[in-house]
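Input: a single structure, listed below in structure tokens.
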Amino acid sequence: MSKTTLEPVKKSPARKRAEVGPAMQGAEILIACLEREGVEVIFAYPGGASMEFHQALTKSKIRTILPRHEQGGAFAAEGYARALGRAGVCMATSGPGATNLVTGIADAFMDSIPLVVITGQVPQAMIGKGGFQETDFFGMTLPVVKHSYLVTDVNDIPRVIKEAFVIAQTGRPGPVVVDVPKNIQQSRTQPVFPSEVNLRGYDPDKKASDIELNEIIGLIEKSERPVLYVGGGIIAGNASGELREFAEAAQIPVTTTIMGCGCFPETDPLSLRWLGMHGTAYANWAVSGEFTKGPDGEARKVAPGADLLLAFGVRFDDRVTGKVEKFCETGTIVHIDIDPSEINKNKPANLPIVSDVKYALRRLNELIRKRSIQKKFTAWHKQIAEWKARAPLGYRVTEEVVKSQHMKDHLTGRESEVILPQMVIEMLYELTNGEAILTTGVGQHQMWAGQYYKFKFPRQFLTSAGLGAMGYGYPAALGAKVACPDKQVVDIDGDGSFLMNIQELATAHIEKIAAKAIVLNNQHLGMVMQWEDKFYKGNRGHTYLGDPENRKQIYPDYIAIARGFNVPCERVMYKKDLRAALQRMLDSDQPYVLDVIVPYTEHVLPFIPAGKSVAEMIWKP
Ligand SMILES: Cc1ncc(C[n+]2csc(CCOP(=O)(O)OP(=O)(O)O)c2C)c(N)n1
Ligand SMILES: [Mg+2]
């Protein structure tokens, strides 16, 4: 992400129309600024260096939600931001409070989520002296923020907060840190609230030229096998409607990244679902071609992939490309992104365009309305239909499941009663009509949630994609449920990931946030275990989460833990009980945990091992 020096322009027009408020303390001014930005909710955990803010919050109409760990607060603010498309706000005290936010900030940075992070800092006179709970938070977070401030003058607070929201929410969104020393919070002044900001060197308003856009249309007319490869930029840029219109008008198949799930309805015949390491075989073939291995072990291309890749709002992440030179090796690549630093970063583009993707798509639609695309790509659609029919996502009760310790320990051989994790998500999809907002932890369950739930609208799948932060799921679900109280919000979690922020069950109960969690409990760090099976001959390197001295017992006991939080929880072991249990969870108007015991032997398929190309894809269940 590009970083620019952001200096306020002197004598900005904002000053002219600024509003002067009554004399207040710095902390009160900051909260008044948040109110002026329309902030309704803040996830804030107090401490010595931030209690002035909390005192001011008690007098504010902003809803303050007390997470039970600052990491939970940061993830909840992110869940809120992802679900709503507006900046989420979190707050912590200096030192350990602030450092506990870092993972959330890094996550927001990687996934371009607008976040305003406010931290208390030791008084200015103590900075650099190693005072109690002092950490250089500005310095520590520098590589993972879009921008940051250490406020050194109480009079700067209104401008800084206004700028923080503009920077977090415009262009490529991201996290902004505002660190405020305690003496600044306690100083009094008459605030001057600017009505707009003027940031020298910051120009998020990028637009593709008609020449560039006409070139894209020319490339489409010349191509035989075009594919749209679209991502989180479409969602952040609110460009889903435009994308849909464009794809349908041009009849171009669409694959998304995990960040882009829902930006194009996965139920549409043009959808190839998501691509990459665990994406569909047909999406990967459509981009890079189909390969088979001969008896000599050599991979041979049996069908070509895209000859034109329209990469809009994506960043050619390695989990998507695998071996990057082999990714769409023979195609012409058009890359549109609002952030110039993404262009030619991971994969060179033949036609690079720096633009707001919503503008580019809207204008493309206008252009092709006037001069419609003649190509029909009939042969290409036929090939894709054949791939889809041959390699759909699928699972079955394998020999490995039947012979597994799970069957012996928990199912006493009742094969027909085993619950596979994929089944749970398919059933949830059915029972929620595909309308729920899903969050996830990180691991196998995350990939299955993406594969077996079909996303229909943007902001429906909230997952830690770039950072891959375990513990994201439940706090993010809290944030999403606060943002969208009328939606069913379900965290599909792993037993390892859920445990990392389990304290947020208290937040859910006390704040009456009815976010649901399904723990796909395989008693293992499943995804790491899958790599152990594949690359380390199944040698377990600390990936078992149960009690080694009592493997028959499910450990830890989530029912007992949830009871301690006053949150209802049910365990399901047999298939016959699954549907009714899911329904009870969905019908509840409270936070709820469903602990679903699944075998650990399942592997996520398809699977392109890291750094490998589509020729190495394993896809048959
Ligand atoms: C904070 C953090 N620590 C470690 C990892 C590495 N890691 C990736 S997936 C995974 C296993 C997750 O286990 P679980 O949550 O039970 O999900 P499962 O794969 O079993 O579905 C681990 C340890 C991570 N992504 N994040
Ligand atoms: Mg697990």
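Things worth noting here:
- Pairs of Cα atoms in the range 148-212 fall into 5 Å distance bins, from 0 up to the last occupied one, in shares of 3, 15, 22, 22, 14, 10, 6, 3, 2, 2, 1, 0 percent.
- Translational diffusion coefficient (Stokes-Einstein; Kirkwood radius from C-alpha pairs) of the range 290-393 at 10 °C, 1.306 mPa s, in µm²/s: 98 µm²/s
- Between Ile510 and Asn214, residue separation times 0.36 nm minus the direct Cα-Cα distance comes to 101.0 nm.
- Cα-based reach from Lys388 at 16 Å (exclusive), listing lysines while leaving out same-chain residues under 8 positions away: Lys454, Lys620
- More than 15 Å apart - percent of Cα-Cα pairs taken over the range 552-602: 50 percent
- Hits among lysines - C-alpha to C-alpha of Lys129 under 24 Å, sequence gap 8 or more where chains match: Lys182
- Distance between modelled label sites at Thr58 and Glu329, nm, 7 Å Cα→Cβ extension: 6.7 nm
- Estimated FRET transfer efficiency when R0 is 22 angstrom, pair Asn433-Asn238 (beta carbons, to 0.05): 0.35
- Cα gyration tensor shape of the range 77-214, rounded if a/c is under 1.5, else prolate or oblate by comparing a/b with b/c: prolate
- Placing pseudo-labels 7 Å out from each Cα toward the beta carbon at Asp587 and Phe457 gives an inter-label distance of 2.5 nm.
- Three-way shape label, the chain, alpha-carbon gyration tensor, a/c 1.5: oblate
- Centroid-to-centroid, using Cα positions, the range 272-300 and the range 41-114 are 42 Å apart.
- FRET efficiency for the Glu399 to Lys376 pair, using the beta carbon distance and R₀ = 45 Å, is estimated at 0.50.
- Net length gained if the chain between Glu224 and Asn566 were fully extended (0.36 nm per residue, minus Cα distance): 117.2 nm
- Cβ-defined net charge surrounding Val354, 13 Å radius [Lys, Arg +1; Asp, Glu -1]: -3
- Packing, as the average of other Cβ atoms within 10 Å across residues, places the peptides 86-95, 520-529 in the order 86-95, 520-529, highest first.
- R0 of 41 Å, Cβ-Cβ distance Asp203-Lys301: FRET efficiency to nearest 0.05: 0.40
- Hits among aspartates and glutamates - C-alpha to C-alpha of Lys575 under 14 Å, sequence gap 8 or more where chains match: Glu415, Glu417, Glu426, Asp595
- Helical runs (DSSP H, four residues minimum) scored at -39500 (n - 2.57) apiece and divided by the length of the chain put the mean residue ellipticity at 222 nm at -10000 deg cm²/dmol.
- Relative packing of peptides 497-508, 349-360 - highest average C-beta neighbours within 10 Å first: 497-508, 349-360
- Two-site label geometry, Glu196 and Lys612: point separation in nm, points 7 Å out along Cα→Cβ: 5.5 nm
- Within the range 256-270: backbone nitrogen closer than 15 Å to the Asn346 label point (7 Å, Cα to C-beta): 256-261
Every number here is computed from the coordinates shown, using simple stated rules; none is lab data. Remember, it's a predicted structure, so these values are computed and weren't measured experimentally. Every residue, glycine as well, gets a Cβ built from its backbone with ideal geometry; the counts of neighbours run over all protein chains shown.
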